[in-house]
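A quick write-up on the structure given underneath.
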Amino acid sequence: QVQLVESGGGLVQAGGSLRLSCAASGLIFSEYNMVWFRQAPGKEREFVAAIRWSGGRTIYVDSVKGRFTISRDNAKNMVYLQMNSLKPEDTAKYYCAADSHFAVQTDTDDMDYWGKGTLVTVSS
């Protein structure tokens with residue numbers, strides 16, 4: 001049974017930092033691209049960042065470029081999202097997802113597995 005479990009969310013002031021973690025089990029982690037999405041209240045789930053199975057390629061939505069960094073540790077079956085210079089508009093529930101395609105995907109419909117999310121709240 002595949003499980004993706006996010007952690008690290010919380011309440012932070014604007015300008016602060018958080019590091020999200022996602023622990024994966026039940027799959028061959030090194031064969032999956034890993035993706036972070038987020039969903040703000042009343043909005044659709046949106047792509048945030050992705051990292052290729054090898055770790056050799058990363059993709060970010062424009063709104064987080066230069067502020068967020070995605071990384072992975074295949075030996076520990078972990079993926080991380082370091083979030084710096086947080087803004088109130090980053091407030092959302094953040095989800096970890098696994099994608100088995102050869103090329104990195106950014107669409108929610110292309111993900112194979114999902115975590116249940118971790119809430120990030122950025123106060124102004």
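The values are calculated or read from the model by the stated rules, or taken from the named source; none is laboratory data. Only a predicted model underlies this, so the values are computations on that prediction, with no experimental measurement involved. Note that we place each Cβ from the backbone using ideal geometry, even for glycine, and neighbour counts take in every protein chain shown. Protein only, heavy atoms only, side chains kept; ligands, DNA and RNA dropped before computing areas. Shrake-Rupley method; radii C 1.70, N 1.55, O 1.52, S 1.80 Å.
Residue check: Arg57 meets all listed conditions (1) closer than 18 Å to Trp114 by Cα; (2) at pLDDT below 95 but one, namely (1).
Pairing each residue of segment 38-55 that is over 23 Å from Ile28 (Cα atoms) and open to solvent by less than 80 Å² (accessible area, probe 1.4 Å) with any residue that is among the small types (Gly, Ala, Ser) and in a strand (DSSP E or B), provided the two are 6+ apart or on different chains, yields C-beta distances under 7 Å for Arg38/Ala92; Gln39/Ala92; Ala40/Ala92.
Take the conditions (1) surrounded by 14 or more Cβ atoms within 10 Å (Cβ to Cβ); (2) without any contact (Cβ under 8 Å) to a residue 24 or more places away in the chain; (3) of a type outside the set (S, T, N, Q); Glu6 misses just one of them, which is (2).
Of everything listed in (1) surrounded by 14 or more Cβ atoms within 10 Å (Cβ to Cβ); (2) charged (D, E, K, R); (3) within 18 Å of Leu119 (Cβ to Cβ), the single unmet condition for Arg67 is (3). Just one of the listed residues (Phe102, Phe68) is of a type outside the set (Gly, Ala, Ser) and modelled with pLDDT of 95 or more, namely Phe68. Scan segment 12-33 and tell me whether some residue there is surrounded by 17 or more Cβ atoms within 10 Å (Cβ to Cβ), under 12 Å from the mean Cα position of the chain (by Cα), in a loop (DSSP other than H, G, I, E, B) and modelled with pLDDT of 95 or more. Within segment 12-33 (the criterion being surrounded by 17 or more Cβ atoms within 10 Å (Cβ to Cβ), under 12 Å from the mean Cα position of the chain (by Cα), in a loop (DSSP other than H, G, I, E, B) and modelled with pLDDT of 95 or more), the answer is no, since none of the residues qualifies.
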